[in-house]
Amino acid sequence: MKGLILVGGYGTRLRPLTLTVPKPLVEFGNRPMILHQIEALANAGVTDIVLAVNYRPEVMVETLQKYEKEYGVNITFSVEEEPLDTAGPLKLAEKILKKDDSPFFVLNSDVICEYPFKELADFHKAHGGKGTIVATKVDEPSKYGVIVHDIATPNLIDRFVEKPKEFVGNRINAGIYILNPEVIDLIEMKPTSIEKETFPILVNEKSLYSFDLEGFWMDVGQPKDFLSGTVLYLESLAKKSPEKLTTGSNIVGNALIDPTAKISPLAKIGPNVVIGPNVTIGDGVRIERSVVLANSNIKEHSLVKSTIVGWNSTVGRWCRLEGVTVLGDDVNVKDEIYINGGKVLPHKSIATNVPQESIIM
Ligand code: GDD
Ligand code: MG
């Protein structure tokens, strides 16, 4: 089987992390975000994976090459000269996606869930339509593509409304599809939106169905959602593979800690914390609902809450970080500093408090 991941642009909404590393390589649950998807595709029997990108992908090529063997997949980079939006990349990768008549998967690169690819493929074959969209329910549907059903035929989509201004329903497009190769014939070789242009054609043809997702789902393309997604991901791990979580006398609730991290027995970690490789956590540190990326150091008695600490950063003694604070790569926060909702760009040193949401350049 075949799959295409819409990797897209620069991931500006996940700055300052994406100033250093392309979004798909930012670690979610201690692994590059895109690896969760590549692994799930490979487990479902996908052998050809296209990564659709619109910038030069050298770093990604280098990082992902080693996983081709590990997962037994061919990864091809399909590079757009101009951004082709969400449908154009399918046309550009036509040769691979149409190499046989089997349907192919499409994924937005920023969605995290328990990818149900096998069940999705079975469901798709059974209804006989040209496409199936994975659907999930959310509280705030206006940020997403909303699916409205045909009353007479279960799961047949009657309307698809991208980012509705008025409420039409709360079942949304989870950013995961399976499509028959002939869908590519509906797309022209130019910037085209799958949500606004291609789906409405399929809806008109009464050939687009939805498949209900079980379990959690999150678009983790911005810091607030990245943290909420981390909480859900850890909950899912606790249910499905609790052995992957870390336990100990200084750990409360769900925590995923790389074995190379050095954590003081006098620190208190959790709930909902991910700590990357070679991180050092000092005595009396308190961390909750946060992600600390590789090689960072949090010194004695600091509190880190609802925060992403980027790679190679240092948080001094007696600091307090909260309110969806994000430190970029190689940030140095001096002792006794308070940061509330600050987004700190790479290589900065912070010596004065940041009491309100702001970008520190
Ligand atoms: N290759 C390529 N080229 N990829 C692109 C381009 C492009 O020009 N533009 C966007 N993408 C990728 C993004 O990187 C992302 O993985 C995906 O296409 C969707 O774009 P987003 O910018 O993240 O869209 P969204 O989150 O506002 O909405 C989409 O996702 C929602 C679920 O999270 C839509 O598909 C909604 O209908 C959906 O509900
Ligand atoms: Mg998105």
Rounded, prolate or oblate, given the Cα gyration tensor of the chain, with a/c below 1.5 counting as rounded? prolate
Quick one: net charge of GLU336's neighbours, Cβ under 13 Å, K/R +1, D/E -1? +2
Taking the chain as the reference, fit the longest principal axis to its C-alpha atoms, fit the long axis of helix 33-43 to the helix C-alpha atoms, and give the angle between the two in degrees, 0 to 90, nearest 10. 50
In terms of solvent-accessible area of protein heavy atoms at a 1.4 angstrom probe, what is the ranking of MET60, MET189, highest value first? MET189, MET60
Pop out the carbon and sulfur fraction of the accessible area of the chain as a percent, whole number, probe 1.4 Å. 49
All other residues with a Cβ under 15 Å from the Cβ of PHE28 taken together, and with Lys, Arg as +1 and Asp, Glu as -1, what is their net charge? -2
Contact order relative to length of the chain, as percent, for alpha carbon pairs under 8 angstrom and 6 or more apart: 13
Whole-Hz Karplus ³J(HN,Hα) for region 166-180, in order, using 6.51 cos²θ - 1.76 cosθ + 1.60 and θ = phi - 60°, x for Gly and Pro? 10, 5, 10, x, 10, 8, 10, 5, 7, x, 9, 9, 10, 10, 6
Per-residue SASA entry for LEU84, accessible area with 1.4 Å probe, Å² rounded to 10: 10
Relative contact order in percent for region 223-359 (Cα pairs under 8 Å, 6+ apart) equals 14
Can you list the aspartates and glutamates whose alpha carbon sits under 14 Å from that of LYS334, skipping same-chain ones fewer than 8 residues off? GLU300
Is region 223-359 rounded, prolate or oblate when judged by the Cα gyration tensor, a ≥ b ≥ c being the square roots of its eigenvalues, rounded requiring a/c under 1.5 and prolate requiring a/b larger than b/c? prolate
Shape call for region 2-93, from the Cα gyration tensor axes a ≥ b ≥ c (a/c under 1.5 means rounded, otherwise prolate when a/b beats b/c, else oblate), comes out oblate
Excluding ligands and nucleic acids, what accessible area in Å² is computed for ARG159 using a 1.4 Å probe, to the nearest 10? 120
Would you tell me the accessible area of LYS262, worked out with a 1.4 angstrom probe on the heavy atoms of the protein chains, in Å² to the nearest 10? 140
Ignoring ligands, DNA and RNA, what accessible area per residue does region 1-130 give at 1.4 Å, in Å²? 42
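The values are calculated or read from the model by the stated rules, or taken from the named source; none is laboratory data. Not measured: the values here are computed from a predicted model. Glycine gets a Cβ as well: all are built from the backbone with ideal geometry, and neighbour counts include every protein chain shown. In case anyone asks, the SASA skips ligands and DNA or RNA and just uses the protein heavy atoms, side chains included. Shrake-Rupley method; radii C 1.70, N 1.55, O 1.52, S 1.80 Å.
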